[in-house]
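Novice: Handing you this structure, nothing more for now.
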Amino acid sequence: MNTADKLARYVLPTYSRFSVSPVRGEGTLLWDAQGNRYLDFCSGLATCTLGHGDNALSRAIARQAGELIHCCNLYQIDKQAELAECLVEECLELQGRVFFSNSGAESNDGLVKLARRFGKLGSGGSDESRHEIITFHQSFHGRTLGGIAATAQSKVKEGFDPLLPGFYHSPLNDLDSLASTIGPDTCAIMLEPIQGEGGIHLATPEFLRGVQELCQKNDLLLLLDEVQCGLGRTGDMAGWRSIEPNLTPDAVSWAKGLGGGFPVGAFWISDRLTSQNKPLFELLGAGSHGSTFGGSPLACSAALAVLREVIDKNLPQRAIEHGQKIRMTIEGWQHHALTEVRGKGLLLGVGLHAGAFEAPEGTPASIYLSTELAKAGLLAPPAGPDTVRLMPPLTVSNEEIHESLEIFRHTLDRVCH
């Protein structure tokens, strides 16, 4: 049996997979077993920060694997301390504490637990406490029961009732609607500064400032999901600063690009004082949260290697420059099949006119175009029915960007009416 047949026989059918089967990678390039070459502008869904093959990440993993792979969190892990220091002092430049998980969904569940604990403040320990969290239409916060309850997309919730209660959804960039959604039981507002899976939709600077003001006015936590947009991809180590640099969140979640392909997640909680005159991070004290594998020596060594490359080689600035080149080139085409280019840095979404494509009936334009691009040697994943994403490694070269745009343009001309 080939790979596709084995997957169909032995693996749960939770993914509708493209026919590409990579077996080797180098930089921005992937190859399958037949030797076909692909430009990887998916990057594991904005995860492979440094690309593939022999690089600082793979060398750090090999080195650490020979020394110590795993150690229980009951003991003190040096690489975990180094990684937390880097995240606090160099990435956020905001004081607080970090917890290490294994994924973005786990990190977001940690933010939900923080919000619930925060909602208990002032309740005297009674059951009558604030517990509701507001998220936004087209959001995505993970596949756990908490993550799908927080996600404002009905397709991820179907068949999993009853969901974790206490989540309400509001339109992105609509402050009036958000203000009207806040009630006496609201304890937090949670948002992606740039919605990834929902189609690369940006919160505006005015909206982010307004959310912060509403949180301050109503004593709510401001929680930022930066699983896809954080740590350099948008042009800043803090993704929200690429939109509104003066925002000060209460907590931030990460994963994806943090490990460059190695599974690791984290969330940060600020040290701002609560109504009990204690730092916010103390709400999750000893015994309140945990993870067997979170923050292992191997995971933290991998993440440290990624962050050091991103920071020391100023890859966020490269993301800005490459992103501008991609945007200007595509906009310059004025192609009738395209609507707009959304995003920041190297987290970009290209909007599609569905009617311009000769797609089979029932096939969304995004999936049809992604399939045709893959046949031509460019991996660019869909996001919803009418958006294709361009998310190459931050180490992508000018030549690779030029080649990818040539493939994109020629494919558009071939498959459109």
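Novice: Kindly list the number of the only condition in (1) at pLDDT below 95; (2) surrounded by 22 or more Cβ atoms within 10 Å (Cβ to Cβ) that fails for residue 121.
Specialist: (2)
Novice: If a residue must be outside any strand (DSSP E or B) and either in contact with a helix residue (DSSP H, G or I) (Cβ under 7 Å, 6 or more places away or on another chain) or not small (Gly, Ala, Ser) (or both), how many such residues does segment 370-382 contain?
Specialist: Result for segment 370-382: 8.
Novice: What residue, among those in segment 168-200 that are closer than 13 Å to residue 136 by Cβ and among the β-branched types (Val, Ile, Thr), is farthest from the chain's Cα centre (by Cα)?
Specialist: 181
Novice: Quick one: in segment 268-288, which of the residues that are of a type outside the set (Val, Ile, Thr) and under 22 Å from the mean Cα position of the chain (by Cα) is surrounded by the most Cβ atoms within 10 Å (Cβ to Cβ)?
Specialist: So the first thing to find is which residues in segment 268-288 are of a type outside the set (Val, Ile, Thr), and the list is 268, 270-273, 275-288.
Restricting the remaining residues to those that are under 22 Å from the mean Cα position of the chain (by Cα) gives 268, 270.
Working: 268: 26, 270: 20.
By that ranking, first place goes to 268.
Novice: Another one. Name the one entry in 365, 376, 354 that is within 17 Å of residue 18 (Cβ to Cβ) and in contact with an Asp or Glu (Cβ under 7 Å, 6 or more places away or on another chain).
Specialist: 365
Novice: For a quick check of your reading of the model, give me the residue pairs whose first member lies in segment 184-207 and is closer than 19 Å to residue 46 by Cβ, whose second is in a strand (DSSP E or B) and small (Gly, Ala, Ser), with beta-carbon atoms closer than 6 Å and at least 6 apart or on different chains.
Specialist: If the second residue must be in a strand (DSSP E or B) and small (Gly, Ala, Ser), the pairs left are 199/349; 200/343; 200/349.
Novice: Now, a different point. Could you check segment 13-35 and list, in sequence order, the residues that are more than 21 Å from residue 403 (Cβ to Cβ) and within 24 Å of the chain's Cα centre (by Cα)?
Specialist: 13, 14, 15, 16, 17, 21
Novice: If you check 367, 320, 326, 330, which single one turns out to be crowded, with 21+ Cβ neighbours inside 10 Å, part of a helix (DSSP H, G or I) and not assigned by TED's automatic domain parsing to the domain that holds residue 78?
Specialist: 326 is the lone residue from the list that is crowded, with 21+ Cβ neighbours inside 10 Å, part of a helix (DSSP H, G or I) and not assigned by TED's automatic domain parsing to the domain that holds residue 78.
Novice: When you go through (1) without any contact (Cβ under 8 Å) to a residue 40 or more places away in the chain; (2) β-branched (Val, Ile, Thr); (3) outside any loop (DSSP other than H, G, I, E, B) one by one for residue 14, which number turns out not to apply?
Specialist: (3)
Novice: Is it true that residue 355 is modelled with pLDDT under 95, closer than 28 Å to residue 153 by Cα and in a loop (DSSP other than H, G, I, E, B)?
Specialist: Against the criterion (modelled with pLDDT under 95, closer than 28 Å to residue 153 by Cα and in a loop (DSSP other than H, G, I, E, B)), residue 355 does not qualify.
Novice: How many residues does segment 58-117 hold that are among the polar types (S, T, N, Q), without any contact (Cβ under 8 Å) to a residue 60 or more places away in the chain and either in contact with a helix residue (DSSP H, G or I) (Cβ under 6 Å, 6 or more places away or on another chain) or assigned to a strand (DSSP E or B) (or both)?
Specialist: 0
Novice: Listed residues 26, 67, 93; which is within 30 Å of residue 188 (Cα to Cα), surrounded by fewer than 16 Cβ atoms within 10 Å (Cβ to Cβ) and not aliphatic (A, V, I, L, M)?
Specialist: Result: 93 is the single residue among 26, 67, 93 that is within 30 Å of residue 188 (Cα to Cα), surrounded by fewer than 16 Cβ atoms within 10 Å (Cβ to Cβ) and not aliphatic (A, V, I, L, M).
Novice: Just wondering, is there one or more residues in segment 210-223 that are in a loop (DSSP other than H, G, I, E, B) and out of contact with any helix residue (DSSP H, G or I) (no Cβ under 8 Å at 6 or more places or on another chain)?
Specialist: Yes.
The values are calculated or read from the model by the stated rules, or taken from the named source; none is laboratory data. Everything numeric here is computed off the predicted structure, so don't read it as measured data. In this analysis, Cβ positions are derived from the backbone assuming ideal geometry, glycine residues included, and neighbour counts consider all displayed protein chains.
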